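K.L.:
Please read through the structure below; I'll follow up with questions.
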Amino acid sequence: MKTVTLLTAGLLGGALAAGPVQAEGFFGSLYYQVQDLKLNDTSYYPQQWLASAGWLSHYGIGPEIQLGWGSREHEKDGLSIETGDFRGVAVRLQSPDEFGGHAWVSVGYGELQLDGSLDGEDYPGSEWFKGPTVTIGVELLVSRNRLPGLAMGLTYSRWFLEDDMQNDNFGLGASYAF
């Protein structure tokens, strides 16, 4: 948690010291994510949709809200894991649209619901996990002429939800800047 706090403070300080770099405005995105969820040294690969919306200032920094929902479970050795809902808030730092795209980092806090069933039974059931989140994204602008705000991209995120659980997410999706 201390590392996430220091990273957030450094990103905020750097963005404000750099001065205005882009036009302010709202954005929205939709990504399809495959999770690498490690529970007690066993990997599961449930999948989910993650939508986010936020606002970026002239400095390329602003608040973001995130909502996710599961789309596909993964079963291994009789244990089936599915992501239920995800909800989170974050601070996003984004580079200007240079060279046909931009990169961004989002640091925040989230809650993930996991649904598990052992051999088709409703055990261990549903449980919520909470903790800090960090996401890195790279997006390429689709067309500056027809849809200037549309971008396609890739993301990697790490959710620090429990000590004995590692949750890495790999996503592919699109965003639109208004």
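Values in this text are rule-based calculations from the coordinates and carry no lab data. Keep in mind that this is a model prediction, so the values were computed, not measured. Positions of Cβ are generated from backbone atoms using ideal geometry, with glycine treated the same way; all protein chains shown enter the neighbour counts.
K.L.:
Please work out how much length the chain gains when fully extended from ASP77 to GLN166, using 0.36 nm per residue of separation minus the C-alpha to C-alpha distance, in nm with one decimal. Spell out each step's value before the answer.
P.N.:
Numbers: separation 89, 0.36 × 89 = 32.04 nm, distance 1.90 nm.
So the extension gain works out to 30.1 nm.
K.L.:
Please report, in debye to the nearest 20, how large the charge dipole of the chain is about its Cα centre when each Lys and Arg carries +1 at its beta carbon and each Asp and Glu carries -1 there. The partial results should precede the final answer.
P.N.:
Numbers: 10 positive and 22 negative charges, 215 e Å.
About 1040 debye.
K.L.:
If one computes the Cα centroid of the range 115-137 and of the range 26-65, what distance in Å separates the two points?
P.N.:
16 Å
K.L.:
On C-alpha positions alone, give me the angle between the axis of helix 2-18 and the longest principal axis of the chain, in degrees, nearest 10.
P.N.:
20 degrees
K.L.:
Please identify, among ARG158, ARG92, ARG146, the residue showing maximal mean-square fluctuation in a Gaussian network model of the chain using a 10 angstrom Cα cutoff.
P.N.:
Residue with maximal mean-square fluctuation among ARG158, ARG92, ARG146: ARG146.
K.L.:
Right, here's the next one. Given TRP55, ASN145, THR83, which one lies farthest toward the positive end of the charge dipole of the chain, if we put +1 on the Cβ of every Lys and Arg and -1 on the Cβ of every Asp and Glu?
P.N.:
ASN145
K.L.:
In the Gaussian network model of the chain, springs joining C-alpha atoms below 10 Å, which of GLY125, GLY62, GLY153 carries the largest mean-square fluctuation?
P.N.:
Per the Cα network of the chain with a 10 Å cutoff, GLY125 tops the list.
K.L.:
Taking other Cβ within 10 Å of each residue's Cβ, how do ASP122, ASP97, ASP41 sort, fewest first?
P.N.:
Details: ASP122 10, ASP97 19, ASP41 7.
With the fewest neighbours first, ASP122, ASP97, ASP41 line up as ASP41, ASP122, ASP97.
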